Amino acid sequence: MDAKTLKLLSNAREVVKKASLFMTKKVLLNDISGSRHLIDDGGFRRALYAFDIGQNDLSDAFSDNLSYMQVIERIPSILGEIRDAVKTIYENGGRNFWVHNTGPLGCLPQKLSLFNKDNRDLDPNGCLKSFNDAAKAFNDGLHTLCVEMRSELKNATIVYVDIYTIKYDLFANSTKYGFRNPLTSCCGYGGPPYNYNINVTCGRPGYQVCEEGTQYISWDGVHYSEAANVIIASKILSTHYSEPQLEFDYFCRF
């Protein structure tokens, strides 16, 4: 396994490490005198474990100048790490899992600023097609994994949420949502078309902030703005993008 592969898997493996660390803390809590007033085994069993993963793994791969096919070839290993994390929690009593797929990586101002050289890889909405195709390939694999784990993990509830569709709709129909600058970051440097400079990112000396943040989808070129997140959250809560379509209060009935 080469260095680039190891770096690519680092983010996914962090999930496994955190899952193991979390379960270690669970054991410690059970050993602490008076811990019954904190979280007992029933609390860990009823808890909702949320996964929002994929963007950093794919982003790191492209940043390492891996080709599209090289990125695609790494996806099964990333998914294997996610499976291990879910199973670690399941084996320690967790039964409720909320899994988000990854968003349209190719629509982020950061990626467009760094990788759009001649517009040949842009889709009709101005996003990097290869980056988004990689995200969709990852999401297809993640969806299949969730289906498999529902059958494999007895009495587990695994909800798969299509974040990609929710977020891409913001870019494809930006005016409908009141966004005037869908591919430009609010906080950054450089002005249109992306207002992103890797040497003057949001928070560094020289950065600038837009006057009307509600008109921007991207806050800093990587993260979404508050206005965009309000819409994203409302669509998640609608359950229209979830499989199965379970309301959040479902997890409070046990």
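The values are calculated or read from the model by the stated rules, or taken from the named source; none is laboratory data. What you are looking at is a predicted structure, and each value in this text was computed from that prediction instead of being measured. Virtual Cβ from ideal backbone geometry, glycine too; neighbours counted across all protein chains shown.
Listing for the model above:
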item: Check on residue 194, in a helix (DSSP H, G or I) and crowded, with 16+ Cβ neighbours inside 10 Å; result: no
item: Contacts under 7 angstrom Cβ, first residue in region 67-87 being within 13 Å of residue 135 (Cα to Cα), partner modelled with pLDDT under 95 and of a type in the set (Gly, Ala, Ser), 6 or more apart; result: 71/61; 74/61; 78/12
item: Subset tally (residues that are free of Cβ contacts under 8 Å to residues at least 60 places away in the same chain and surrounded by 19 or more Cβ atoms within 10 Å (Cβ to Cβ)) for region 95-115; result: 3
item: Counted residues, region 43-77 - those being under 15 Å from the mean Cα position of the chain (by Cα), within 26 Å of residue 156 (Cβ to Cβ), not hydroxyl-bearing (Ser, Thr, Tyr) and not in a loop (DSSP other than H, G, I, E, B); result: 7
item: Residue in region 236-247 that is surrounded by the most Cβ atoms within 10 Å (Cβ to Cβ), counting only those that are free of Cβ contacts under 8 Å to residues at least 12 places away in the same chain and closer than 20 Å to residue 167 by Cβ; result: 239
item: Pairs where the first residue, in region 136-163, is more than 23 Å from residue 250 (Cα to Cα) and the second is at pLDDT 95 or above and among the aromatic types (Phe, Trp, Tyr), C-beta under 6 Å, 6+ apart; result: 139/164
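Each row is one residue, and each column tells you yes or no for (1) surrounded by 13 or more Cβ atoms within 10 Å (Cβ to Cβ); (2) more than 30 Å from residue 43 (Cβ to Cβ); (3) of a type in the set (Lys, Arg).
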site	(1), (2), (3)
158	yes, no, no
163	yes, no, no
180	no, yes, yes
185	yes, yes, no
188	yes, yes, no
217	yes, yes, no
229	yes, no, no
253	no, no, yes
